[in-house]
Amino acid sequence: RNFKNALSFAKHITDPYYAKAYQIELLKWAPDSAKQTIALFAKEDISKWHKETQTGAYLRRGTAFFLTKNAAGAEADLLNAYKTGSSFTKWTACQMLGDVYANLKNDPVNAEKYYRECMKGFPGKFPAFQSECNLVKMMIRLKKTEEAIKLIDSSRSSGIYLADMLAEKAKICIAMGKKEMAEAALQKAIKQNMHHFQRKRFEKMLNDLQKK
């Protein structure tokens, strides 16, 4: 109800570009957010909007294109968000560009490029942690397990992101028959700061491993 009221309020904003910027930002809370965003703004020329509203709009629409598997649309919008943005928005776009190349364009070279740029440009923050985690998973998919383990072992990430990477390391160790190393990785994962419901997954992995 509050979302619908807020969206309705946008129609009363006299400046059409500010009205659109307000709408596209609100749509992230909508049911079927990505589809609604594309339905309303797919053909919108965001470059004509006020400069201070462009980056956020590119990021929102780029995210919607990504979620609906439109690789070209996602790439174009997220590149614009990366080029025009600053701080959190810029590096979130950078991390998502890595996701576009890794998951939609089958381009691991560019995926790694943007993941590493994010890790370097915004260290110690969410987009960099997510980039590192996604890079590790991509490396494992590509059978680059040694590189993945080196990245995990040197990681400065924390919380659920480090725990996810340690769980990936544990899987590799289990496949190699290195049970003690797998247990150590999962025990470290469990000690990370995260929600209780998130920790349960790693506790179950460790419990299942110890029963073998």
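The values are calculated or read from the model by the stated rules, or taken from the named source; none is laboratory data. Predicted model, so just to flag it, every value in this text is computed and none were measured. Reconstructed Cβ throughout: ideal geometry from the backbone, glycine too, with neighbour counts over all protein chains shown. Please note that ligands, DNA and RNA were not included when accessible areas were found on the heavy atoms of the full protein model with its side chains. Shrake-Rupley method; radii C 1.70, N 1.55, O 1.52, S 1.80 Å.
One table, with the values for the structure above:
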{"quantity": "Hey, K69 outside any helix (DSSP H, G or I) and surrounded by fewer than 20 Cβ atoms within 10 Å (Cβ to Cβ) or not", "calculated": "yes"}
{"quantity": "Any pair with Cβ under 8 angstrom, 6 or more apart, that starts in region 134-155 at a residue that is without any contact (Cβ under 8 Å) to a residue 24 or more places away in the chain and ends at one that is among the polar types (S, T, N, Q) and in a helix (DSSP H, G or I)", "calculated": "M139/T145"}
{"quantity": "Selected residue [farther than 23 Å from A189 by Cα and without any contact (Cβ under 8 Å) to a residue 24 or more places away in the chain] from L78, L104, L67, L59", "calculated": "L78"}
{"quantity": "Complete set of residues in region 153-212 that are open to solvent by 70 Å² or more (accessible area, probe 1.4 Å), of a type in the set (S, T, N, Q) and in contact with a helix residue (DSSP H, G or I) (Cβ under 8 Å, 6 or more places away or on another chain)", "calculated": "Q187, N193, Q210"}
{"quantity": "Of all residues in region 16-37 being open to solvent by 40 Å² or more (accessible area, probe 1.4 Å) and in contact (Cβ under 8 Å) with a residue 24 or more places away in the chain, the one that is nearest to the chain's Cα centre (by Cα)", "calculated": "K28"}
{"quantity": "Enumeration of residues in region 120-144 that are open to solvent by 50 Å² or more (accessible area, probe 1.4 Å), modelled with pLDDT of 95 or more and outside any loop (DSSP other than H, G, I, E, B)", "calculated": "K120, K137, R141"}
